[in-house]
Amino acid sequence: QLQLVETGGGSVQPGNSLKLSCVATGGGFTDYNLAWFRQAPGEEREFVAAIDWAGTTPKYLHSVTGRFFISRDNAKNTLYLLMNNLEREDTAVYYCAATLNWGRVLGGKPEYWGRGTQVTVSS
């Protein structure tokens, strides 16, 4: 089965940048649609960004549009999330997710998830 491991989280000051990585193992990486979700304490999980199997049609949460950029490197079986101009409101655990069905991304129900990586933005 596909396994996902996120790295790159940490604590930064507002305005700084951070780049998350998600390494996939188990095969078939190029077939998967990929996404990032996040969840802050006491809040519901929310969609952040997604990129389809072909690396096209990136989608973003409105509040991160223009600041966050999702990309994938199929040669490295890795998904990335570059986060620029981080704000305190971006503080959350960020999860990598994968699905063979784009509709599951849109519906918030990918079949594969990583364990998450903490991103804390504070001064």
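Since residue 96 meets every condition but one in (1) closer than 17 Å to residue 39 by Cβ; (2) part of a loop (DSSP other than H, G, I, E, B), which condition does it not meet?
Going through the list (1) closer than 17 Å to residue 39 by Cβ; (2) part of a loop (DSSP other than H, G, I, E, B), residue 96 breaks only (2).
Does any residue of region 83-93 turn out to be under 11 Å from residue 35 (Cα atoms), out of contact with any Ser or Thr (no Cβ under 7 Å at 6 or more places or on another chain), outside any loop (DSSP other than H, G, I, E, B) and of a type in the set (A, V, I, L, M, F, W, C)?
No, there is no match, as no residue in region 83-93 is under 11 Å from residue 35 (Cα atoms), out of contact with any Ser or Thr (no Cβ under 7 Å at 6 or more places or on another chain), outside any loop (DSSP other than H, G, I, E, B) and of a type in the set (A, V, I, L, M, F, W, C).
Scanning region 27-41 for residues that are at pLDDT 95 or above and small (Gly, Ala, Ser), which turns out nearest to residue 112 (Cα to Cα)?
Among those residues, the one meeting the criterion is 35.
Any idea which residue in region 103-112 is nearest to the chain's Cα centre (by Cα), counting only those that are surrounded by fewer than 16 Cβ atoms within 10 Å (Cβ to Cβ) and not in a loop (DSSP other than H, G, I, E, B)?
By that ranking, first place goes to 106.
Are any of the residues in region 5-12 assigned to a strand (DSSP E or B), among the acidic types (Asp, Glu), in contact with a Leu (Cβ under 7 Å, 6 or more places away or on another chain) and modelled with pLDDT of 95 or more?
Yes, the conditions are met somewhere in region 5-12.
The values are calculated or read from the model by the stated rules, or taken from the named source; none is laboratory data. All figures in this text were calculated on a predicted structure; none of them were measured in a lab. Note that we place each Cβ from the backbone using ideal geometry, even for glycine, and neighbour counts take in every protein chain shown.
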